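Single-structure report; data block below.
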Amino acid sequence: MKGFFYLMRIISGFLKGRKINPPHLQDKTRPTTDMAKEGLFNTISNFVDFEGIRVLDLFCGSGNIGIEFLSRGAEWVVFLDHHKGCTQFIHEKLTEFELLGQSKIITQKFQSFHQSYHGPAFDLIFLDPPYDFSSYQKFPTLFLEARWLNAEGYLIIEHDHRNNFEKHSNFVMTKKYGQSQFSFLKPRYS
């Protein structure tokens, strides 16, 4: 990936057209392409009203997805990544876009965050770990058992062909855009 420069932009909302260009993070992130992001948000908009939702963006990298949610009306987004360069970049972008008051940025490993979080539930959790991350198949159970989602919320996991969630009891659908796949899961709380 070295030498490759990602050009990302906000697709919709009040920040539409603004750029997120993190060249110094190119070896630390695998940004969701604009094509995949546009397809993803078109799908989400069919069943989620962005206005006022609370979002958790895990393995957030450049913050591309979380910032898109804020641009479209999310009330609150928590950005989590263990790489300090990523969270510093997100802080810069949220400052530039005047969105610090609607967000929390956490520099921490996922495992530590998972063990320590006891805050309010989210309407949507977006996960985009490295495609070779060892715990991919455990994610649905980890988040759904922890009840981090509201009853009507969605867990969305970005992955490639190596992972498949279709047999999980909470599975709703998978959408494919180029090399990226997004699996949607929904809690079934009793």
Subset of the stretch 142-167, residues surrounded by fewer than 16 Cβ atoms within 10 Å (Cβ to Cβ) and modelled with pLDDT of 90 or more, comes to 151, 152, 164, 166, 167
Of (1) touching a Pro at 6+ places or on another chain (Cβ under 6 Å); (2) in a strand (DSSP E or B); (3) not charged (D, E, K, R), residue 168 satisfies every one except (2)
When the stretch 102-154 is checked residue by residue, the ones that are among the aliphatic types (A, V, I, L, M) and either touching a Leu at 6+ places or on another chain (Cβ under 8 Å) or over 18 Å from residue 55 (Cβ atoms) (or both) are 105, 106, 121, 124, 125, 127, 144, 149
Taking the stretch 109-142 and the residues there that are in contact with a helix residue (DSSP H, G or I) (Cβ under 8 Å, 6 or more places away or on another chain) and assigned to a loop (DSSP other than H, G, I, E, B), the one that is farthest from residue 64 (Cα to Cα) would be 135
Flagged pairs (Cβ under 7 angstrom, 6 or more apart or on separate chains; first in the stretch 107-131, basic (Lys, Arg); second outside any helix (DSSP H, G or I)) are 109/82
Taking the stretch 180-190 and keeping residues polar (S, T, N, Q) and either at pLDDT 85 or above or outside any loop (DSSP other than H, G, I, E, B) (or both) leaves 180, 181, 183
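The values are calculated or read from the model by the stated rules, or taken from the named source; none is laboratory data. All values reported here derive from a predicted model rather than from experimental measurement. So basically every Cβ, Gly included, is an ideal-geometry build from the backbone, and we count neighbours across all protein chains shown.
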